[in-house]
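Any read-out appearing in this document is the output of simple, stated calculations on the displayed coordinates, not a laboratory observation. Bear in mind that the values here come from a model prediction, so they are computed numbers and not experimental data. A quick note on method: Cβ atoms are made from the backbone with ideal geometry, for glycine too, and the neighbour counts reach across all protein chains shown.
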Amino acid sequence: MILNQIVRNKTSYRADISSEKPLRSFVKSISWRMIGTLDTILISWLVTGTLEMAFTIGSIEMITKMILYFFHERLWNIIKWGK
């Protein structure tokens with residue numbers, strides 16, 4: 001069902017007022033990742049007992065998940081279902 005929406009609406013997709021601009025998705029990615037990364041750092045610190053390792057894990061996680069979230073958000077912006 002969702003894939004049908006993507007394929008069917010891909011050619012007719014136009015940005016409209018209900019559509020988010022990429023910059024907004026990017027800023028949302030950063031703000032959410034800050035919260036998520038603090039959580040990851042805290043959990044990593046509790047598990048490893050090493051603050052340096054916790055920050056290393058948190059740094060890698062922050063970058064990869066921001067990129068994944070941005071593209072996830074842009075894909076969902078194309079899908080008309082539920083709007």
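Placing a label point 7 Å from the Cα of S19 along the Cα-to-Cβ direction, the residues of the range 58-83 with a backbone N closer than 19 Å are 70-83.
For the range 21-77, just run the numbers: alpha carbon Rg, then divide by 2.2 N^0.38 Å, N being how many residues it has.
Output field value: 1.26.
What's the extension gain from V47 to V27 if we count 0.36 nm per residue and subtract their Cα-Cα distance?
Details: separation 20, 0.36 × 20 = 7.20 nm, distance 3.01 nm.
My answer for the length gained is 4.2 nm.
May I ask you to sort E52, E20, E73 by Cβ crowding, counting other Cβ atoms within 10 Å and putting the fewest first? Walk me through the numbers before you get to the answer.
On the way: E52 9, E20 14, E73 17.
The fewest-first ordering by Cβ neighbours comes to E52, E20, E73.
Write out the chymotrypsin sites (Phe, Trp or Tyr not before Pro) in the range 20-69 meeting two conditions: DSSP loop, and at most 10 other Cβ atoms within 10 Å of their Cβ. All intermediate terms of the calculation are to be shown ahead of the outcome.
Numbers: sites: F26, W32, W45, F55, Y69; in loops: none.
Passing both the DSSP loop test and the Cβ count: no residue.
Short-range pairs are left out: with C-alpha atoms under 8 Å and at least six residues apart, the relative contact order of the range 21-77 is 42 percent.
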